[in-house]
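Have a look at the structure below before the remarks.
Every read-out reported here was derived from the displayed coordinates using simple, explicitly stated rules and does not represent laboratory data. Everything numeric here is computed off the predicted structure, so don't read it as measured data. FYI the Cβ positions are ideal-geometry reconstructions off the backbone, even for glycines, and counts take in every protein chain you see.
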Amino acid sequence: MKIKILKNYKEVINESYKVLSEHLTKKQDLVLGLATGETMIGLYGKMVDDHKKSGIDYSRIKTFNLDEYYGLQRNHAQSYYHYMNKHLFSKVNINEKNIVFPNTLSNVDASCERYNLALEENKIDVQILGIGSNGHIGFNEPKTSFKSKTRLVELDKTTRVDNSRFFNDLEEVPTHAITMGIENILNAKKIILIASGSDKSKAISKAIDGPVTELVPASILQRHPNVEVMIDIEAGKNLKGSMNYVK
Ligand code: GLP
């Protein structure tokens, strides 16, 4: 794992985009794995700005999103599709046909199967990842098998409470979601894990310094050959020897 601890959120995003943009310019038909959540908003903002400024071409780029709430319509204000459309898809020249999203509304098993097949046919070049305060990646909650693939999952209480800030109340937060599995995530050629703020510091230290265990889904990233971790000082404050990482 290559770990960079940066001063603040803004620098985390700048540095993450620097790495991502090298890939975007090198390979025009890049396959990109995308994540949602508050952390990623800055990154999508940079992608949009740079698309406008330098004309980075998204017409041949293919995207796969990590996860989606079960049962939310695409136009629901809190669906991840709506989020992606708002922050990225509607603002760059991406071809709608190249946007692949988990379908959570009908024939869930068959659509998960199709998602897994599509992921086998289109190896992800760069997977953007956030982390939950309980160490989840995508919506793979603690105790998820490292062999898991795309499927319907039940969300942990912690995750629903964390994400309730986007809804009117906890009751409104879906209880289930469809998520790529850990095995799908590990198949990506490169992973950029991004985290900011002290709420993530425990999860980050367990993921990086702790044992590789299904109790901390993100800990499996220690076994991936090409992971860059971009975090700010707050998120990295519990890391052992964190001074060695500061840029
Ligand atoms: C959700 C998503 C994750 C994301 C996490 C952290 O639970 N399923 O993919 O990493 O939130 O989000 P935030 O950046 O809002 O803390």
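The figures follow:
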read-out: Residue match in the range 155-169 (condition: within 14 Å of the ligand (Cβ to nearest atom), closer than 16 Å to Thr36 by Cα and among the β-branched types (Val, Ile, Thr)); value: yes
read-out: Any hit, the range 7-14, residues being of a type in the set (Asp, Glu) and either within 15 Å of the ligand (Cβ to nearest atom) or without any contact (Cβ under 8 Å) to a residue 60 or more places away in the chain (or both); value: no
read-out: Residue satisfying condition, being closer than 13 Å to Tyr69 by Cα and aliphatic (A, V, I, L, M), within set Ile178, Ile137; value: Ile178
read-out: Qualifying residues in the range 170-180 (those that are of a type outside the set (Ser, Thr, Tyr) and more than 13 Å from the ligand (Cβ to nearest atom)) - the one farthest from the chain's Cα centre (by Cα); value: Glu171
read-out: Every pair of residues 6+ apart whose Cβ atoms lie under 8 Å, when the first sits in the range 84-101 and is within 18 Å of Leu119 (Cβ to Cβ) and touching a residue at least 12 places away in the same chain (Cβ under 8 Å) while the second is among the polar types (S, T, N, Q) and surrounded by fewer than 18 Cβ atoms within 10 Å (Cβ to Cβ); value: Val100/Asn122
read-out: Selection count, the range 137-150, where residues are more than 10 Å from the ligand (Cβ to nearest atom) and surrounded by 21 or more Cβ atoms within 10 Å (Cβ to Cβ); value: 2
read-out: Residues within the range 124-136 that are touching an Asp or Glu at 6+ places or on another chain (Cβ under 7 Å) and more than 7 Å from the ligand (Cβ to nearest atom), tallied; value: 2
read-out: Whichever residue in the range 183-197 is surrounded by fewer than 22 Cβ atoms within 10 Å (Cβ to Cβ) and more than 12 Å from the ligand (Cβ to nearest atom) and, among such residues, is farthest from Lys4 (Cα to Cα); value: Glu183
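Residue by residue, here is whether (1) under 27 Å from Lys2 (Cα atoms); (2) in contact with a Ser or Thr (Cβ under 9 Å, 6 or more places away or on another chain) holds:
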{"residue": "His23", "(1), (2)": "yes, no"}
{"residue": "Thr36", "(1), (2)": "yes, no"}
{"residue": "Thr39", "(1), (2)": "yes, yes"}
{"residue": "Lys52", "(1), (2)": "no, no"}
{"residue": "His82", "(1), (2)": "no, no"}
{"residue": "Asn93", "(1), (2)": "no, yes"}
{"residue": "Phe101", "(1), (2)": "no, yes"}
{"residue": "Val108", "(1), (2)": "no, no"}
{"residue": "Ser111", "(1), (2)": "no, yes"}
